[in-house]
Amino acid sequence: MRSDSVAEAVVQLMDSIRANPLWYEMEGASLVGRASPEPMLAVFGRFGASELARWKDLALLIKEGVQYHRHIDYAEVEAAAQRLADDLVSRYGREALSSFQFTGIPRGGVIVLGILSYLLDLRSDQIVVSSSQPPHCETLVVVDDCSLSGFRFQEFLKQTPADRVIFCSLCAVAELGRLIERRESRVDACFNAIDLLDLGVSRFGDSYPRWRDEQRALMGDSGYWVGIPQPISFAWSEPQTLYWNSERGQFEAGWNLVPPHLCLKRRVQAKKLQARMSRRGEQGAISFNDSSQGRLQAGNRVLWARAGAAVSMARMPENSEAVACFRLDGAAADMWESLMRHGCIDRVIDALVGDYEVDAQVFRHDLESFVESLMGNGLLTRGDAAQG
């Protein structure tokens, strides 16, 4: 996540989540983020088992993305394409390459092919842009920006009558190329410039082999490699994550997390999605928690969201313990939000007492009792700001 501040990074991540069609399938969900004193993100709502599974998927993707995500900009793409070009020249020589034809798997592969064509100084008649290959093509170099399971290449290979195929992927796990070469007799060699990590062991531990066997059973003959590839993105696209929908018995699109302003495809999709949902009157609740700068401040691991006339609150644990949840209704909800704006009892009284038919001293007593209750539950703390 690229940003100048933690708060900006949290907001960008929230915008990225909202730019997913899956977000609008989560009816009644409220996404809440907070940057200080430590970044946190939570979703409030009532969810069924399948929805909870999707939120767990998202939490895992965020955790792995923070540690492993790799955004590949145009400069790095050019450098990686140069490595592909060097590998091809080293293996086959420039004279032999001059007789090969080259094609890209739409759409990211076409972008990489364009760069590779300059680096290898390909003639225009060597570049094949149609999905159907000419019958006289003996050796075809197939280019893609990334290959995760190898499914796209597998489907593309079925369509080409070329006698010999060379596969060049900008990014892939190293094992994928070896699997393709063993299974496909027409594939002479596979090259990739950037080796992606396999995160399966870190995610599943000793149960990773069993998980892979289960995934292979679901995938059937689709693709070559099964695993958890390192998350990546390009300036033009982010690979689509998938999850198994057990109710429908099929793989479906999962979450994407790259901020739209960093990725062309995400930016276009986000605009279309936002326009479509705006026409339907659906925006999805999203809020950024900003505690007061006064003496009274939200607890360090507390998040909250307005839910109609109430405020839902959660004190997030530091480990996997159960989350402590609270609900504030009516005047209590108004008091909390005013405390977050002002951080001072006197200012809260000035702001709210006129809204209720009650004596100021009674209101003060009720407010002070409310503050003590919040503090007793770890929802409110006294900071070092000026007294109030």
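The values are calculated or read from the model by the stated rules, or taken from the named source; none is laboratory data. What you are looking at is a predicted structure, and each value in this text was computed from that prediction instead of being measured. Quick reminder, even Gly has a Cβ in these numbers, built from the backbone with ideal geometry, and neighbours come from all protein chains shown.
Summary table below
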read-out: Set Arg34, Arg83, Arg46: member being more than 19 Å from Asp15 (Cα to Cα), modelled with pLDDT of 90 or more and basic (Lys, Arg); value: Arg83
read-out: Subset tally (residues that are in a helix (DSSP H, G or I) and hydroxyl-bearing (Ser, Thr, Tyr)) for the range 334-384; value: 3
read-out: Out of Gly281, Gly294, sole residue that is at pLDDT below 90, under 24 Å from Pro39 (Cα atoms) and either out of contact with any strand residue (DSSP E or B) (no Cβ under 8 Å at 6 or more places or on another chain) or assigned to a loop (DSSP other than H, G, I, E, B) (or both); value: Gly294
read-out: Matching residues, the range 238-261, being among the acidic types (Asp, Glu) and farther than 15 Å from Ala53 by Cβ; value: Glu238
read-out: Residue count for the range 142-167, restricted to those that are assigned to a helix (DSSP H, G or I), touching a Ser or Thr at 6+ places or on another chain (Cβ under 9 Å) and under 19 Å from Gly114 (Cβ atoms); value: 2
read-out: Residues satisfying the stated conditions in the range 352-368, i.e. under 14 Å from Ala333 (Cα atoms) and modelled with pLDDT of 90 or more; value: Leu352, Asp366, Leu367
read-out: Candidates Arg266, Arg315, filtered to the one that is more than 24 Å from the chain's Cα centre (by Cα) and of a type in the set (D, E, K, R); value: Arg315
read-out: Selection from the range 183-192 of residues that are surrounded by 14 or more Cβ atoms within 10 Å (Cβ to Cβ) and charged (D, E, K, R); value: Glu184, Asp188
read-out: Whichever residue in the range 193-225 is in contact with a helix residue (DSSP H, G or I) (Cβ under 6 Å, 6 or more places away or on another chain) and buried (at least 20 other Cβ atoms within 10 Å of the Cβ) and, among such residues, is nearest to Ala79 (Cα to Cα); value: Ala193
read-out: Ala42, sole failed condition from (1) surrounded by fewer than 15 Cβ atoms within 10 Å (Cβ to Cβ); (2) touching a residue at least 12 places away in the same chain (Cβ under 8 Å); value: (1)
read-out: Residue in the range 12-29 that is under 24 Å from Arg315 (Cβ atoms), in contact (Cβ under 8 Å) with a residue 24 or more places away in the chain and among the acidic types (Asp, Glu) present; value: no
read-out: Some residue of the range 201-218 being part of a loop (DSSP other than H, G, I, E, B) and closer than 19 Å to Ala172 by Cα; value: no
read-out: All positions within the range 119-133 that are at pLDDT 65 or above and either of a type in the set (Val, Ile, Thr) or outside any helix (DSSP H, G or I) (or both); value: Leu120, Asp121, Leu122, Arg123, Ile127, Val128, Val129, Ser130
read-out: Selection from the range 216-245 of residues that are among the polar types (S, T, N, Q) and free of Cβ contacts under 8 Å to residues at least 24 places away in the same chain; value: Gln240
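So that you can scan it fast, the table gives a plain yes or no per residue for (1) in the same structural domain as Phe151 (by TED's automatic domain parsing); (2) farther than 27 Å from Gln154 by Cα; (3) buried (at least 18 other Cβ atoms within 10 Å of the Cβ):
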| position | (1), (2), (3) |
| --- | --- |
| Val32 | no, yes, yes |
| Glu51 | no, yes, yes |
| Lys56 | no, yes, no |
| Gly65 | no, yes, yes |
| Glu78 | yes, no, no |
| Leu84 | yes, no, yes |
| Leu113 | yes, no, yes |
